[in-house]
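Structure first, then comments.
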Amino acid sequence: MARENALMMYLNDIKRYANVLGSPNNILAIEYLKALKTQKSHLEPIMIKRQNVYYNENRIVDGFASATGIRDIMKRKQYADLRKVVPNSTYQILGQQVKKGEVILSLSKYEKEIIYTLRKMTVAQIADLPDVSEGLENTIKSAASNCNNLTDLITAIKSKRYTQTRIQRILV
């Protein structure tokens, strides 16, 4: 009975850690940490707990918004709301970039160019893109050959292991 209880506790711990490690924010944090280590960076990472608004939520709560919410605010050109959720320096930089046309708010604007570029790239070139690993380049290459729009492309590539957000980051 003691072994059974110990095994159950162990398995529950594994499940808990898997849930923590599988959350989008933690996946991103791990990738940042890996990059810092690979580059032998002297930056000291600090954890900032997400407050009030969670990953992919599209709302503002007490001056907080997710990246998805911020992009949506910018797409709708609600700059007064944007000012409420980002630091002034960020607001100024974003304003300058928008004026220059250097902000990508939607991949759909570049749909044809993205698919064309992926079709022209070799599997090895796709493998060299940031955040592409573990054979994902083959899936991307195959999907690019078979899909004619971004929605279908992303749907064909994404999986439980590779989230839509990760695929979108790769495509940018």
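Throughout, read-outs are computed from the coordinates displayed, never taken from laboratory work. Computed from a predicted model, the values in this text were never measured in an experiment. Cβ: placed from backbone, ideal geometry, glycine included. Neighbour counts: every protein chain shown.
Rounded to two decimal places and with Rh computed the Kirkwood way over Cα pairs, what is Rg over Rh for the range 60-100? Result: Rg/Rh = 0.93. Placing dummy labels 7 Å off each Cα toward the beta-carbon, the span from T117 to R59 is 3.5 nm. Taking the chain as a Gaussian network of alpha-carbon nodes connected by springs under 10 Å, the highest mean-square fluctuation of the residues R16, R83, R71 belongs to R16. Projecting the Cα atoms of G101, G22, T151 onto the charge dipole of the chain, computed from C-beta unit charges around the Cα centre, puts G101 farthest toward the positive end. The Cα atoms of the range 105-172 give a gyration tensor whose axes a ≥ b ≥ c have a/c under 1.5, which makes the shape rounded. Histogrammed with a bin width of 5 Å, the alpha carbon distances of the range 1-131 distribute as 2, 8, 10, 12, 14, 17, 15, 9, 5, 3, 2, 2, 1, 0 percent, first bin at zero. Per-residue extension of 0.36 nm, minus the Cα-Cα distance of I46 and T90, leaves a gain of 13.9 nm for this segment.
State the dimensionless ratio Rg/Rh of the range 59-172 (Rg: radius of gyration of Cα atoms; Rh: Kirkwood radius). Ratio of gyration radius to Kirkwood radius: 1.05.
Longest segment of the chain with no GluC sites (Glu not before Pro) in a DSSP loop having at most 11 other Cβ atoms within 10 Å? With GluC sites (Glu not before Pro) excluded where exposed in loops, the chain gives 1-101 as its longest stretch. Comparing Cα centroids, the range 91-141 and the range 26-82 end up 19 angstrom apart.
Are there any trypsin sites (Lys or Arg not before Pro) in the range 87-172 that are in a DSSP loop and have at most 12 other Cβ atoms within 10 Å? List them by number.
K160, R161
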